[in-house]
Amino acid sequence: MNPLLTAAELANDLRLHAETIRQWHRAGRIKAELLVGRSPRFDLAAVRKQLIKASEAAAKRRFSGLVPTL
């Protein structure tokens, strides 16, 4: 099992600001593996998978497969 990271540690690994991680967690974009008190702990590999899945879903919504002709 991978070590669980704090929001700050995860942000460092993903090269993001810690507040971005906290906002994504509150919005449900990423899920914590464990809560220690009120502090979430994250699995880096699981978060990366969640972000890839969300990115792929967003790409599908943006491109419907129809290309307009002029």
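The values are calculated or read from the model by the stated rules, or taken from the named source; none is laboratory data. The structure presented is a predicted model; accordingly, all values stated were derived computationally and were not measured. Here Cβ is always computed from backbone atoms with ideal geometry, including for glycine, and neighbour counts include all displayed protein chains. Keep in mind that these areas ignore ligands, DNA and RNA; they rest on the heavy atoms of the full protein, side chains included. Shrake-Rupley method; radii C 1.70, N 1.55, O 1.52, S 1.80 Å.
Matching residues to (1) surrounded by 10 or more Cβ atoms within 10 Å (Cβ to Cβ); (2) on the phi > 0 side of the Ramachandran plot; (3) in contact with a Phe, Trp or Tyr (Cβ under 7 Å, 6 or more places away or on another chain); (4) in a helix (DSSP H, G or I):
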{"site": "LEU10", "(1), (2), (3), (4)": "yes, no, yes, yes"}
{"site": "LEU16", "(1), (2), (3), (4)": "yes, no, no, no"}
{"site": "GLU19", "(1), (2), (3), (4)": "yes, no, no, yes"}
{"site": "LYS31", "(1), (2), (3), (4)": "yes, no, no, no"}
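Report whether or not LEU4 is in contact (Cβ under 8 Å) with a residue 24 or more places away in the chain and touching a helix residue (DSSP H, G or I) at 6+ places or on another chain (Cβ under 7 Å). Outline the logic, then answer.
Numbers: in contact (Cβ under 8 Å) with a residue 24 or more places away in the chain: yes; touching a helix residue (DSSP H, G or I) at 6+ places or on another chain (Cβ under 7 Å): no.
For LEU4, the condition - in contact (Cβ under 8 Å) with a residue 24 or more places away in the chain and touching a helix residue (DSSP H, G or I) at 6+ places or on another chain (Cβ under 7 Å) - is not met.
Go through the residues of the stretch 33-54 one by one and say whether even a single one is closer than 19 Å to LEU4 by Cβ, without any contact (Cβ under 8 Å) to a residue 12 or more places away in the chain and open to solvent by less than 100 Å² (accessible area, probe 1.4 Å).
yes
Would you pick out the residues in the stretch 40-63 that are of a type in the set (A, V, I, L, M, F, W, C), touching a strand residue (DSSP E or B) at 6+ places or on another chain (Cβ under 8 Å) and not in a helix (DSSP H, G or I)?
The initial filter retains those residues of the stretch 40-63 that are of a type in the set (A, V, I, L, M, F, W, C), namely 42, 44-47, 51-52, 54, 57-59, 63.
From what's left, touching a strand residue (DSSP E or B) at 6+ places or on another chain (Cβ under 8 Å): 42, 44.
Scanning the stretch 40-63 gives a single hit, PHE42.
Considering only the stretch 34-59, state which residues are in contact with a Leu (Cβ under 7 Å, 6 or more places away or on another chain) and at pLDDT 95 or above.
In the first step, residues of the stretch 34-59 are kept if they are in contact with a Leu (Cβ under 7 Å, 6 or more places away or on another chain); the result is 34, 41-44, 47.
Residues satisfying the conditions are ARG41, PHE42, ASP43, LEU44, VAL47.
When the stretch 19-32 is examined, which residues are found to be free of Cβ contacts under 8 Å to residues at least 12 places away in the same chain and not charged (D, E, K, R)? Give the derivation first.
Filtering the stretch 19-32 for residues free of Cβ contacts under 8 Å to residues at least 12 places away in the same chain gives 19-20, 23-24, 26-28, 32.
If the condition is that a residue be free of Cβ contacts under 8 Å to residues at least 12 places away in the same chain and not charged (D, E, K, R), then THR20, GLN23, TRP24, ALA27, GLY28, ALA32 are the ones that fit.
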